[in-house]
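The values are calculated or read from the model by the stated rules, or taken from the named source; none is laboratory data. Everything quoted here is computed from the prediction, not taken from an experiment. Note: ideal-geometry Cβ built from the backbone for every residue, glycine included; neighbour counts use all protein chains shown. Heads up: the accessible areas ignore ligands, DNA and RNA and are worked out on the full protein's heavy atoms, side chains in. Shrake-Rupley method; radii C 1.70, N 1.55, O 1.52, S 1.80 Å.
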Amino acid sequence: MGTVFFYHLTQSPLDVTLRMLIGKARSAGWRCYIKVPHEDALRQLDVALWKGEPTAFSAHNIVSEDGNSSILLGLENDQQGYECLFSAMGAEFPIDAIKVADRVCVLFDGHDQGAVEAARNQWKTMTGAGVSAQYWAQDDGRWVKKAEA
């Protein structure tokens with residue numbers, strides 16, 4: 001069982017942080033599954049991840065287009081075979097999926113009180129189920145670990 005990392009986004013946008021974390025996961029040899037809560041979020045993140053310089057974008061596919069990519073974006077719990085799971089825009093994974101992943105990253109918008117509250121609830125659920133968790137926040141542009149359970 002891996003650890004869940006909560007990323008409280010206050011200075012960097014989701015796509016920038018996600019690209020950085022995907023890069024770290026891929027350098028560890030992990031396949032990445034990014035879950036979002038609805039079709040609009042899927043399309044929005046799909047476009048954002050393809051933008052940027054060739055060294056900045058994250059080549060990926062969507063579940064409905066190709067279910068066998070190193071980086072896959074989806075709406076469902078189709079994460080089998082993926083070692084690193086990303087929860088974005090309020091999407092959630094079931095505890096049994098979290099317990100078998102090497103790493104889970106929950107990215108949430110720190111300027112959205114609803115997203116902050118949802119992340120707090122996820123933290124309580126996961127730590128209550130015995131999952132190790134870390135809370136990371138941005139401090140002057142750097143990521144700093146603020147809590148661990």
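Accessible area per residue for the chain in Å², computed with a 1.4 Å probe and the full protein assembly in place, what is it?
On a per-residue basis, the chain sits at 51 Å².
If you average the C-alpha positions of region 27-45 and of region 112-136 separately, how far apart do those two centres end up, in angstrom?
Taking the Cα centre of each part, region 27-45 and region 112-136 sit 19 Å apart.
Straight-line reach only, C-alpha to C-alpha below 30 angstrom: list the lysines that Lys146 could link to, leaving out same-chain residues fewer than 8 apart.
Correct list for Lys146: Lys24, Lys35, Lys99, Lys124.
Just order 137-144, 26-33 by mean Cβ neighbour count inside 10 Å, highest at the front, would you?
Packing order, densest peptide first, comes out as 26-33, 137-144.
Please give, to one decimal in nm, the separation of the simple spin-label points placed at Asp40 and Val16, each 7 Å out from Cα toward the Cβ.
For the pair Asp40/Val16, the computed spacing is 2.4 nm.
Quick one: divide the alpha-carbon radius of gyration of region 1-43 by 2.2 N^0.38 Å and tell me what you get.
Computed over Cα atoms of region 1-43, the ratio equals 1.29.
Magnitude of the Cβ-charge dipole of the chain, K/R +1 and D/E -1, about the Cα centre, nearest 20 debye?
Here the chain has a charge dipole of around 500 debye.
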